[in-house]
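The values are calculated or read from the model by the stated rules, or taken from the named source; none is laboratory data. A quick note: this is a predicted structure, and the numbers were derived from the prediction, not measured. Virtual Cβ from ideal backbone geometry, glycine too; neighbours counted across all protein chains shown.
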Amino acid sequence: MSFKADFLWGGAIAANQVEGAWREGGKGISVADVAKFKPHLDVSDYAGHNTVTYEDIIQAEKSSDETYYPKRRGIDFYHHYEDDIALFAEMGFKTLRISIAWTRLFPTGEEIEPNPQGVAYYQSVFKALKKHHIEPIVTLSHYEMPLYLSKKYHGWLDRRLIDFFVTYAQAAFESFGEYVKYWLTFNEIDSVGRHPFITAGLIPDQIPDDNLESAVYQSLHHQYVAAAKATTLLHQMSPSSRMGSMLTKLTTYPNTANPDDVLLALQRNLDNYAPADVQVFGTYPPLYERYLKNKGIEIKKGKDDDAVLKKGTADYLAFSYYMSRTESADPTKEKAAGNTIMSVKNPYLASTEWGWQIDPVGLEISLLELYDRYRVPLIVVENGMGATDKTNVDGTINDDYRIN
């Protein structure tokens with residue numbers, strides 16, 4: 001087996017995971033900076049880990065702690081990016097997916113001009129990547145939107161965030177366009193329903209009319225429009241550049257041949273496709289519209305939104321793949337953990353320590369399904385497995401389990 005000479009083989013990080021330096025360089029506070037580590041909860045208790053209240057946020061803002069707010073420290077990439085990138089290059093990789101912290105360029109999100117210190121920092125990062133002949137793939141929003149926008153506007157529930165995002169995107173294109181060809185708008189845009197605060201700045205106990213589900217879909221719509229506008233802008237500013245959308249690929253199998261299981265799995269997959277359908281095809285799929293209508297959810301659209309979506313379609317589809325899942329109409333079936341979801345355990349697959357089921361064939365299935373449906377270039381921008389690694393005396397780690 002071989003790859004084309006220009007195949008983009010590499011790895012991925014995100015600003016909120018690695019940078020640290022949360023109060024340096026003029027950076028504003030982000031939703032990631034108030035995300036608290038909850039060691040008393042099981043790793044599969046996604047509801048517990050993703051629950052946040054307004055009071056939690058206020059307490060976090062008063063605290064300077066970096067232990068229980070681990071995104072504030074990351075791995076200190078902010079100060080060690082040159083060494084980290086050099087190590088990455090030693091592995092022979094040709095591409096690195098990274099993200100820009102929105103609050104490094106626009107601390108509150110309302111500024112008109114970007115923060116010069118933030119611009120200079122990322123220009124230095126991109127120069128280091130270029131030095132090592134590494135092609136960057138850059139995500140504009142990866143779970144670190146400005147906390148200020150979350151508190152003042154109820155996050156992406158407010159339509160005004162569209163213009164704030166486009167202003168930010170334009171600054172990024174102007175400042176880094178000479179270094180970056182491949183861009184992504186929102187990381188795992190479909191995740192708003194799974195963790196609304198981190199993805200869209202929605203604070204559940206502050207949502208008007210206490211209707212979080214409706215707020216999730218309205219926020220998604222605003223992100224679709226913002227992504228389309230940013231894509232159109234990129235094409236105008238840099239015709240040779242490419243903008244992608246990014247999906248959590250949650251490939252779902254029926255647990256049995258029971259037609260009820262097959263139907264449930266089909267519904268899960270259609271729901272998973274919907275955000276990519278909107279961004280690649282430029283329109284809401286009819287089944288998705290019917291699904292929302294049946295739930296009593298009405299999306300409030302601007303008069304030009306449909307035209308904006310149709311014009312600003314994604315050039316490629318990026319996705320994360322960590323595991324597959326199965327679904328059953330039988331509520332007594334044993335459950336298994338996954339990428340911020342719970343589903344029915346697949347008896348044919350092994351699991352990681354995290355409970356995520358290991359399914360390499362599922363990646364092949366996912367690639368075939370996605371290419372058959374969308375017929376645009378595909379990039380797997382996240383995958384891998386979690387494990388408790390043991391470091392040997394000589395500093396090595398024998399992770400045959402990961403290699404396998």
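Among the residues here, ASN346 does not qualify as under 30 Å from ILE162 (Cα atoms) and out of contact with any Gly (no Cβ under 7 Å at 6 or more places or on another chain).
The sole residue among ALA329, ALA318, ALA307 that is of a type in the set (Gly, Ala, Ser) and either touching a strand residue (DSSP E or B) at 6+ places or on another chain (Cβ under 8 Å) or under 18 Å from SER219 (Cβ atoms) (or both) is ALA318. A residue that is under 24 Å from the mean Cα position of the chain (by Cα), basic (Lys, Arg) and modelled with pLDDT of 95 or more occurs somewhere in the range 370-390. Residues in the range 254-270 that are touching a strand residue (DSSP E or B) at 6+ places or on another chain (Cβ under 9 Å), over 15 Å from TYR374 (Cβ atoms) and in a helix (DSSP H, G or I): 9 in all.
Yes/no per residue for (1) surrounded by 24 or more Cβ atoms within 10 Å (Cβ to Cβ); (2) free of Cβ contacts under 8 Å to residues at least 60 places away in the same chain; (3) in a helix (DSSP H, G or I); (4) in contact with a Cys (Cβ under 6 Å, 6 or more places away or on another chain):
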{"residue": "THR108", "(1), (2), (3), (4)": "no, no, no, no"}
{"residue": "ALA120", "(1), (2), (3), (4)": "no, yes, yes, no"}
{"residue": "PHE126", "(1), (2), (3), (4)": "no, yes, yes, no"}
{"residue": "HIS133", "(1), (2), (3), (4)": "no, yes, no, no"}
{"residue": "LYS152", "(1), (2), (3), (4)": "no, yes, yes, no"}
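Taking ALA329, is it in contact with a helix residue (DSSP H, G or I) (Cβ under 6 Å, 6 or more places away or on another chain) and of a type in the set (Gly, Ala, Ser)? In short, yes.
Restricted to the range 289-383, the set of strands (runs of 3 or more DSSP E) holding at least 3 residues that are touching a residue at least 12 places away in the same chain (Cβ under 8 Å), of a type outside the set (Val, Ile, Thr) and surrounded by 14 or more Cβ atoms within 10 Å (Cβ to Cβ) comprises 316-320. Restricting attention to the range 87-105, the residues that are loosely packed, with under 13 Cβ neighbours inside 10 Å and modelled with pLDDT of 95 or more add up to 2.
One residue stands out in the range 255-307 among those that are hydrophobic (A, V, I, L, M, F, W, C) and closer than 13 Å to TYR224 by Cα: the one that is farthest from the chain's Cα centre (by Cα), namely ALA307.
Restricting attention to the range 189-239, the residues being closer than 23 Å to ASN294 by Cβ, part of a loop (DSSP other than H, G, I, E, B) and under 20 Å from the mean Cα position of the chain (by Cα) number 2.
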